[in-house]
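Nothing in this text is a laboratory measurement; each read-out follows from the coordinates by a stated rule. Every value quoted in this text rests on a predicted model; they were computed, and no experiment measured them. Ideal geometry is used to build each Cβ from the backbone, glycine not excepted, and the neighbour counts take in all protein chains shown.
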Amino acid sequence: MRFLRLCLLLVALSTASPAWAGNRVAVLVGNDAYGFAPLDNPIQDVRLMAEVLRELDFDVVLVEDLKQGAIPGLLKSMTARMAGAEVGLFYYAGHALQHDGVNLLLPVDLEPTGLKAVVDGSLSILGVIDAMAGAKVKVGLVLLDSCRDNPFVKVDPSLRAGLASVDDAPNELLVGYATSAGKVAYDGQGGANSPYTTALASALEQPGWDIYEMFRFVRRQVREATGGLQIPWLSGSLETALVLHPAGDAPTGPAKGGAAAPDGLTVGWVLWQFLRDSRSPDDFRLYVAHFPKSPFVEEADTRRVALEVAPPTLQVASRGAGADFQPLPAPKEDGEAVLATTGDRFPPEIIRRWPARLPAVPGGLGEQVDDCDLLAADPDDPARVAPGVRGGLVSIRSAVRACALALARVPENPRFLFQFARALDEARRYDWAKVFYERAAKGGYGAAIVSLGYLYKTGHGVKKDEAEAARLYEEAALLGNPRARTNLGVFFIDGKGVAQSTEDGLAWLRLAAAHGWPNALTALGDVYRRGKAVPADADAALELYRASADLGQTDAMTNIGRAYMDGKGVAKDPKAAVSWLERATAVGNEFAPLYLARAALDGKGTAKDPKRALQLLTLAAERGYDDARLDLGDLYAEGTGTARNPEEAWFQYRLAEAGGAKKAKDRLAALAPSIDPGAKAAAEARAEDWLRLNGS
């Protein structure tokens with residue numbers, strides 16, 4: 001059985017000036033060899049973090065599969081190793097639990113014989129914070145990506161899944177969780193790394209981002225990667241300015257000279273921006289071999305030689321070793337492996353697993369699939385040759401490297417150009433992505449044309465231009481791309497970028513729906529439900545929603561639930577409605593929890609339960625549905641399902657207003673006469689902090 005991981009990120013920060021100068025120390029622990037519940041990704045996660053942090057000038061210490069007996073030495077060594085550090089960082093990947101509000105990190109050899117054995121045999125997060133405090137680090141970071149599915153559920157009910165927040169930590173504390181406090185999150189989801197660590201590593205590679213911008217990126221990436229099932233969370237306050245990856249001499253324009261694209265941007269130049277801080281000689285060896293005409297080739301070779309002569313420090317402990325952090329020269333006689341220096345290849349070997357299963361026959365798919373496909377293929381691309389990686393799960397670090405190497409071998413391959421551009425798009429390098437989308441589009445690659453259209457629709461990297469977006473969507477639609485056909489159909493129905501035409505809009509949506517494209521089926525269902533472009537037809541809408549729901553489209557599931565609740569297109573059946581809404585909620589839909597909450601408040605199709613309604617509305621709000629905060633604020637204002645709390649009501653209304661909820665101002669105006677000025681001020685301050693920490 002494959003276990004999922006319960007993820008937490010805790011960031012403890014003490015007062016300090018902007019942290020870049022001075023020594024940086026990171027202690028990284030990855031546990032996956034549990035006897036009671038082994039995990040897939042922690043070792044891969046901890047190695048990825050080691051690579052990224054070494055490039056940020058951290059002195060990295062790496063421990064795999066920590067055992068109980070090593071915990072005291074680990075804490076003692078942390079204090080000594082981090083003494084006086086400008087930045088001290090502890091990262092943990094593995095199983096974790098909470099007991100009486102204390103977070104426990106589980107060693108791999110823990111025997112769950114009872115409550116005392118679990119509590120006494122685990123590493124308390126408070127112990128980690130105390131060790132860093134004893135080291136007097138100026139800025140301390142504790143990052144925990146820990147695991148789901150409580151393996152000790154039968155040992156003692158007080159051992160709970162999820163991890164508790166830390167409210168009694170020192171001042172200047174920023175606490176960030178990979179998911180909401182007490183909730184559970186995900187392991188690899190088929191990727192080489194967990195969603196949280198993938199996003200965190202990508203964020204750390206962005207030059208010039210402050211700590212808040214970095215974690216806002218992480219929040220968006222993880223929410224997208226998990227379909228709303230995992231929402232990273234930050235709490236606390238921080239006055240310290242902290243930039244882990246300074247902008248330095250970060251490039252702002254295309255390279256000069258060399259075999260450049262028409263606008264001057266080359267693959268080799270872009271790759272260099274991601275490689276130049278590498279601590280791996282193999283990175284530079286590969287660069288020299290694949291881009292011999294690059295203006296950076298001499299510098300790359302110089303760095304390769306320097307790293308081979310004096311490799312950067314990476315203290316390594318073998319699996320289960322003690323925590324004295326002394327590098328070990330060879331594997332133990334019992335066969336336990338010693339971790340080699342990380343970063344010795346790119347991309348990671350794990351991504352080769354999928355094509356290795358394909359038959360090695362001439363002309364077979366195995367000859368077509370490249371590492372670039374495995375790391376950056378878009379699930380919405382009909383021309384992909386690999387399963388595809390959801391947005392948010394793309395490892396920017398590995399995907400950029402793999403696709404650059406693919407393009408060095410086949411410079412004008414449209415699929416590789418598109419996937420290289422997609423990796424740059426995920427990295428928010430929109431101007432660079434645009435160049436390579438355009439090159440792929442010239443090769444007739446439909447997905448690239450659609451992505452270009454989306455850049456113009458959103459104004460990412462270009463001036464917003466809906467007419468140009470519509471033109472690009474039409475170009476891709478005529479090539480048969482169902483995503484483009486859906487987008488163009490919606491544009492025609494709404495009159496965006498084109499003259500409004502119901503007939504054209506319906507025609508394009510029907511063509512896309514005929515492909516079985518779930519978003520087209522749902523969009524077409526919305527047209528019939530609302531009667532916006534055609535006479536309202538609840539029966540037709542329901543039929544389309546059912547077809548889309550069968551393909552996993554969660555908005556369609558929610559709309560079926562609403563149809564049963566309202567008796568539109570089907571006999572009214574509140575129990576069936578609740579069943580559909582629960583199904584949509586379980587797979588991450590942001591809207592379904594709101595309608596489930598209303599059912600629980602009214603007792604329709606389920607037991608009347610105001611407390612459950614409060615929980616469901618909180619879930620919808622966490623998933624990004626700001627209108628849910630209006631209902632949530634109402635419950636706090638009225639004292640329904642909880643004690644009356646005007647301050648909390650004001651806080652929720654303010655967040656709803658910031659998110660664009662239309663009725664939020666009316667709610668605030670209605671509450672204003674009855675809220676205490678002090679409570680109002682406190683709520684305003686909380687809302688400001690929340691938006692700064694967690695705002696999208």
For peptides 594-602, 25-33, sequence by mean Cβ density within 10 Å, most packed first: 25-33, 594-602
Exceeding the 26 Å Cα-Cα cut-off - candidates K611/K680; K572/K663; K496/K568; K568/K604; K293/K457; K442/K464: K572/K663; K496/K568; K293/K457
Peptides ranked, highest mean first, by Cβ atoms within 10 Å: ranges 438-448, 566-576, 65-75: 438-448, 65-75, 566-576
Length added when fully stretched, R428-A682, from 0.36 nm per residue minus Cα-Cα: 87.9 nm
Two-site label geometry, D550 and T640: point separation in nm, points 7 Å out along Cα→Cβ: 3.8
Listed peptides 515-525, 655-665 by packing density, highest first (mean Cβ within 10 Å): 515-525, 655-665
Candidate lysines for bridging to K67, where Cα separation is under 27 Å - those fewer than 8 sequence places away on the same chain excluded: K76, K116, K136, K154, K183, K332
